[in-house]
Amino acid sequence: MSILEDIEVELSIVLGSAQVQIRQILQMSRGAMIPLDCGQDDPTLVFVNDELIAKGRILVNSEEMSLEITEITRKSRN
C-alpha cells in the first residue's frame, strides 16, 4: 500500500458555478457576492481528476468546514 501514498490526484469540491463577465470581476471588491446556479439544499459535487465520484453536503461547525459524503456515484460504462 505504501507505493500508493505518494500518488497525487486533483480533488475539487464544487458548490456551484456561475458565468460572470470579466467586466464584473474587475469591478468586484472585498465582500462582493457571486450568485451560484444552485440552491442551499443542492448537493456539493466531488470530483477527482475531473471525474464526478461523489455528492455531499457542506457542514459548518464554528470556524471549521467539512464535507459529508452522502452519495458515491457509479462510473458509467460505455
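The values are calculated or read from the model by the stated rules, or taken from the named source; none is laboratory data. Just so we're clear, the structure is a prediction, and the values are computed from it rather than from any experiment. When we count neighbours, we look across all protein chains shown, and the Cβ atoms used for this are built from the backbone with ideal geometry, even at glycine. The area values use the complete protein model at the heavy-atom level, side chains included, leaving out ligands, DNA and RNA. Shrake-Rupley method; radii C 1.70, N 1.55, O 1.52, S 1.80 Å.
Points to keep in mind about this one:
- Most mobile listed residue (Leu15, Leu45, Leu67) in the chain, GNM with C-alpha springs under 10 Å: Leu67
- Solvent-accessible area assigned to carbon and sulfur over the chain amounts to 50 percent, based on a 1.4 Å probe.
- Residue with peak Gaussian network fluctuation, the chain [Cα springs, cutoff 10 Å], from Gln19, Gln40, Gln27: Gln27
- Across the range 1-49, the relative contact order, built from alpha-carbon pairs under 8 Å that are at least six residues apart, equals 60 percent.
- Rough spin-label spacing in nm, given labels placed 7 Å along Cα→Cβ, for Glu63 and Ser29: 2.6
- When Rg and Dmax of the Cα atoms in Å is calculated for this entry, the matching label among (1) 18.2, 65; (2) 16.4, 49; (3) 11.6, 33 is (2).
- Highest mobility in the GNM of the chain, judged by mean-square fluctuation with C-alpha springs under 10 Å and restricted to Ile58, Ile25, Ile34, is found for Ile25.
- In the context of the full set of protein chains, the chain has a per residue accessible area of 96 Å² (1.4 Å probe).
- Given the chain, longest segment not containing exposed loop trypsin sites (Lys or Arg not before Pro) (DSSP; at most 12 other Cβ within 10 Å): 31-73
- Backbone N atoms of the range 22-54 closer than 17 Å to the 7 Å Cα→Cβ label point of Thr73 belong to residues 37-39, 42-54.
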